[in-house]
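K.L.:
The structure is given below, and queries will be raised subsequently.
The values are calculated or read from the model by the stated rules, or taken from the named source; none is laboratory data. None of the values given here were measured: they were computed from a predicted structure. A quick note on method: Cβ atoms are made from the backbone with ideal geometry, for glycine too, and the neighbour counts reach across all protein chains shown. Accessible surface areas use protein heavy atoms only, side chains included; no ligands, DNA or RNA. Shrake-Rupley method; radii C 1.70, N 1.55, O 1.52, S 1.80 Å.
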Amino acid sequence: MAKVLMKGNEAIGEAAIRAGCKNYFAYPITPQSEVAEYLVKRLPEEGGVFVQGESEVAVGYMIFGAAGCGERVMTTSSSPGVSLMSEAISYIAAAQCPAVFVNIVRGGPGLGGILPSQGDYFQATKGGGHGDYRLLVMAPDGVQEAVEMTMKAFTLAEKYRNPVMILGDGLIGQMMEPCEFPDDLKTEATNKDDWATNGMDYRKSDKRNLVKSLFLDPTELNNNNLILKAKYDKMRKEEVRYEEYNTQTDYQVLIVSYGTMSRVCRTSIDLLKKDGIEVAMLRPQTLFPFPEEAIYNAATKENCKSVISIEMSMGQMVEDVERSVKGQREVEFYGECGGDIPSPEKIIEIIKGLL
Amino acid sequence: MGKAFSRPESLSQTMTHYCPGCTHGIVHRLVAETIDELGIAGRTVGIAPVGCAVLAYNYFNLDFQEAAHGRAPAMATGIKRVRPDLIVFTYQGDGDLASIGMGEIIHAANRGEKFTTIFINNAIYGMTGGQMAPTTMPGQRATTAPTGRDTDATGMPIRMANLLGELVTPAYVTRQAVLKPQQINKAKKAIKKAFEYQVEGRCFSFVEVVSTCPTNWGLTPLDSLKWAQDNLIPYYELGDYKTPDED
Ligand SMILES: Cc1ncc(C[n+]2csc(CCOP(=O)(O)OP(=O)(O)O)c2C)c(N)n1
Ligand code: SF4
Ligand SMILES: [Mg+2]
């Protein structure tokens with residue numbers, strides 16, 4: 001298919017449809033309302049379902065109900081809305097249903113601002129809701145990757161019967177870039193009849209299915225948590241994705257950065273190279289599972305003196321970077337999160353300070 | 001001649017966890033009979049609330065989802081929208097529906113979602129041990145209203161059927177009771193009608209059922225029936241509050 005020029009938010013909506021998702025529930029919030037405005041037109045063309053819920057709380061459970069029937073389903077929101085959905089996300093993870101949540105992150109805490117931020121890293125990767133659950137979290141650095149990750153998200157959600165989150169930010173949602181839609185991701189899981197409440201007649205069975213998260217018996221609850229943990233361990237083994245930049249050089253500094261922030265770092269690295277200074281970057285594409293091993297290996301390369309986590313937050317991913325580096329190098333941090341994206345010049349100044 | 005009285009097929013053969021004299025069991029039976037009679041068990045999905053009926057799926061031989069507290073109408077919306085061929089019902093208590101889940105039920109009703117809600121009004125939080133509900137009567141004692149509900153501080157009990165009956169969107173909204181055999185027969189008819197409206201794809205349907213909670217009311221099962229008849233029925237008037245045929 002030829003490339004088309006699309007706004008990130010609209011491309012995410014189109015990607016869901018191309019991935020065979022015909023069900024979208026959402027509540028308006030800046031900076032991602034364009035997804036709903038796009039899908040309210042596109043879904044009827046595909047015979048799909050569009051519902052504007054009364055709140056993100058309700059939307060979370062609309063997603064749960066639909067996911068419990070085994071249907072592909074997605075919602076998109078931004079930070080304050082995702083806080084409200086976190087209750088449902090915990091239940092969906094506990095009940096092992098596949099669903100896709102997109103967070104086009106804006107500044108926080110509280111009402112914060114409407115400009116791009118990476119302040120929801122903890123919420124996304126450590127669990128915004130209660131209990132021992134994880135989301136598989138993917139962080140795109142542009143419109144093309146947002147498309148690919150959104151499409152992949154449905155397959156992964158079904159593979160693990162677990163919610164998957166796309167962690168974008170206001171810039172990725174709002175900017176226009178050329179993109180292409182891969183078209184081979186519509187294959188749905190075949191095991192849905194084993195667990196989904198899709199109707200006994202529909203699946204030609206007289207065995208009913210239950211979608212639930214209550215386990216009053218301590219052994220049963222522990223077992224459910226062990227099942228979840230086994231899935232998260234499998235994700236750690238099979239789903240880690242990251243990109244290396246300029247790592248083939250004799251770099252002195254390793255940047256770890258993701259999403260919009262990593263685009264700026266890439267420019268800084270190119271500019272520093274012109275001055276004869278080699279800096280590398282490791283860009284996590286999955287935030288959970290986190291590329292721990294890759295970061296350790298890149299950080300411990302002979303001439304690498306220090307590692308720096310650069311984020312549009314006050315320091316969240318840096319804790320995972322420290323964990324990954326295991327004390328082998330100093331781990332520094334730089335971040336801003338008012339909504340202004342740090343400039344390449346600012347990053348260069350910070351990096352030079354480390355040399 | 002066949003058996004005059006037997007267990008509906010949609011009910012499973014399990015020991016009940018409900019307290020002696022609790023009316024949850026009666027309403028379960030009415031719902032199960034209805035599902036059998038309409039022959040829809042194979043395409044029905046029930047949604048259990050958080051409350052004493054959280055384990056309702058132990059008694060129904062049906063596909064079931066278990067909601068978070070108050071959110072059953074949102075889950076029902078999700079199911080019904082993506083699978084309109086399924087018959088979906090929520091079964092919710094008064095804390096679940098009229099307190100924490102008020103937003104979800106009002107908006108589902110107002111959107112005219114084509115599912116059925118069975119609303120068990122026992123004027124108390126049963127499962128958590130007898131705290132005040134939005135439906136608790138003035139002066140009625142609860143563990144969080146030890147001297148009786150003070151309406152100055154907590155307002156008057158919410159009448160859900162009246163409230164939902166006020167919405168302009170077409171719906172079937174009725175209040176029934178299960179305190180006497182005649183009431184039970186009427187409640188059965190209402191529940192059947194509610195499911196029929198859904199089967200026909202007509203409208204949202206809502207059956208409030210005035211019920212008892214002997215355990216947390218501190219009364220015997222028989223005294224509970226009498227107390228409810230004397231204290232709840234005058235305030236929670238029985239009858240239809242809205243039918244889709246009227247407009
Ligand atoms: C979010 C949340 N808040 C509080 C609770 C605790 N809780 C469980 S059941 C319940 C009240 C249920 O009362 P009601 O809906 O009237 O049902 P009944 O037990 O009377 O049938 C409460 C407050 C919970 N499970 N989840
Ligand atoms: S606590 Fe009340 S509502 Fe719950 S089972 Fe016992 S009698 Fe029924
Ligand atoms: Mg109650």
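K.L.:
Just the number, please: Stokes-Einstein D of segment B:24-246 in µm²/s, Kirkwood Rh from C-alpha pairs, 4 °C, 1.567 mPa s.
P.N.:
Working: Rh = 17.2 Å.
Answer from the Stokes-Einstein relation: 75 µm²/s.
K.L.:
Return the sequence-ordered ³J(HN,Hα) values of segment A:10-16 in whole Hz as given by the Karplus equation 6.51 cos²θ - 1.76 cosθ + 1.60 applied to θ = phi - 60°, using x for Gly and Pro.
P.N.:
Along segment A:10-16, the couplings run 6, 5, 5, x, 5, 4, 4 Hz.
K.L.:
While we're on this one: What does the structure give for A:207-215 when I average, per residue, the other chain Cβ atoms found within 10 Å of the residue Cβ? Can you show the working numbers first?
P.N.:
On the way: counts 2, 13, 5, 8, 10, 8, 4, 6, 0.
Taking all residues of A:207-215 together, the mean is 6.
K.L.:
Where does each of B:96-103, B:141-148 land if you order them by average Cβ count within 10 Å, highest first? List each step's numbers first, then the result.
P.N.:
Values: B:96-103: 22.8, B:141-148: 14.2.
My ranking of the peptides, most packed first, is B:96-103, B:141-148.
K.L.:
Using only alpha carbon pairs under 8 Å that are at least six residues apart, calculate the relative contact order of segment B:1-79 and give it in whole percent.
P.N.:
Working: 82 pairs, mean separation 24.3, N = 79.
Across segment B:1-79, relative contact order equals 31 percent.
K.L.:
Taking just the alpha-carbon atoms of segment A:198-355, what radius of gyration and Dmax come out, in angstrom?
P.N.:
21.4, 71
K.L.:
Cα-Cα pairs above 21 Å in segment A:101-248: how many percent?
P.N.:
Numbers: 6327 of 10878 pairs.
Roughly 58 percent, rounded to a whole number.
K.L.:
B:THR117's amide H: which non-local residues (gap 5+, or another chain) put their own amide H closer than 5 Å, with H modeled 1.01 Å from N in plane and none for Pro or chain starts?
P.N.:
Sorted by chain and number, the residues that satisfy this are B:THR90, B:SER205, B:PHE206, B:VAL207.
K.L.:
Let me ask something additional. Starting from the alpha-carbon convex hull of segment B:136-221, give the projected area averaged over all orientations, in nm².
P.N.:
The Cα convex hull of segment B:136-221, projected and averaged over all directions, gives 7.3 nm².
K.L.:
How large is the accessible surface of A:LEU355 in square angstrom, using a 1.4 angstrom probe and rounding to the nearest 10?
P.N.:
90 Å²
K.L.:
Total accessible area buried between chains A and B, 1.4 Å probe, in Å² to the nearest 100? Display every interim value, and only then the final one.
P.N.:
On the way: alone 15050 and 10900 Å², together 23380 Å².
Accessible area lost upon association: around 2600 Å².
K.L.:
Next question. Might you tell me the accessible area per residue for segment A:243-354, computed with a 1.4 Å probe and given in Å²?
P.N.:
Using a 1.4 Å probe on heavy atoms only, each residue of segment A:243-354 averages 41 Å².
K.L.:
For segment B:19-65, which residues drop by 30 square angstrom or more in accessible area between the chain on its own and all protein chains together (1.4 Å probe)?
P.N.:
Output list: B:GLY42, B:TYR57, B:ASP63, B:PHE64, B:GLN65.
K.L.:
Where the accessible area of the protein assembly as shown is counted over protein heavy atoms with a 1.4 Å probe, how much of it, in %, is carbon and sulfur?
P.N.:
C and S atoms contribute 52 percent here.
K.L.:
Average the reciprocal distances over every distinct pair of alpha-carbons in segment A:4-238, invert the result, and give the Kirkwood radius in Å. All intermediate terms of the calculation are to be shown ahead of the outcome.
P.N.:
Working: mean 1/r = 0.0564 Å⁻¹.
In segment A:4-238 this quantity evaluates to 17.7 Å.
K.L.:
Let me ask something additional. If each residue of separation counts as 0.36 nm, what is the full-extension length gain between A:LYS234 and A:VAL40 once their alpha-carbon separation is subtracted?
P.N.:
Values: separation 194, 0.36 × 194 = 69.84 nm, distance 3.64 nm.
My answer for the length gained is 66.2 nm.
K.L.:
Could I have the simple spin-label model distance between A:PHE215 and B:GLN131, label points 7 Å from Cα toward Cβ, reported in nm to one decimal?
P.N.:
Going from the A:PHE215 label point to the B:GLN131 one covers 2.6 nm.
K.L.:
Still on this structure, I have one more. Using alpha-carbon pairs under 8 Å, 6+ residues apart, how would you state the relative contact order of chain A in percent?
P.N.:
Numbers: 760 pairs, mean separation 60.7, N = 355.
Across chain A, relative contact order equals 17 percent.
K.L.:
What are the ³J(HN,Hα) couplings of segment A:309-320, residue after residue, when phi is run through the Karplus curve with 6.51, -1.76, 1.60 and θ = phi - 60°? Round to Hz, x for glycine and proline.
P.N.:
So the Karplus estimates, Gly and Pro as x, are 9, 10, 9, 8, 7, 8, x, 10, 4, 3, 5, 6 Hz.
K.L.:
Additional query: Under the Karplus relation 6.51 cos²θ - 1.76 cosθ + 1.60, θ = phi - 60°, what is the ordered set of whole-Hz ³J(HN,Hα) values for segment B:113-129, x standing for Gly and Pro?
P.N.:
Here the 3J(HN,Hα) series is 4, 8, 10, 10, 10, 9, 10, 8, 9, 10, 6, 6, 7, x, 4, 8, x Hz.
K.L.:
Percentage of Cα-Cα pair distances in segment A:1-83 greater than 18 Å, rounded to whole percent?
P.N.:
On the way: 1322 of 3403 pairs.
Percent of Cα pairs beyond 18 Å in segment A:1-83: 39.
K.L.:
In whole Å, what three semi-axes, largest first, describe the equivalent ellipsoid of segment A:86-127 built from its Cα gyration tensor (square root of 5 times each eigenvalue)?
P.N.:
24, 10, 9
K.L.:
In nm², what is the average projected area of the convex hull enclosing the Cα atoms of the protein assembly as shown? Mind showing how you got there, number by number?
P.N.:
Numbers: hull surface 122.4 nm².
One quarter of the hull surface, i.e. the mean projection, equals 30.6 nm².
K.L.:
Cα gyration tensor of segment A:37-164, axes a ≥ b ≥ c as square roots of the eigenvalues: rounded (a/c below 1.5), prolate (a/b > b/c) or oblate?
P.N.:
Values: a/c = 1.31, a/b = 1.12, b/c = 1.17.
The shape class here is rounded.
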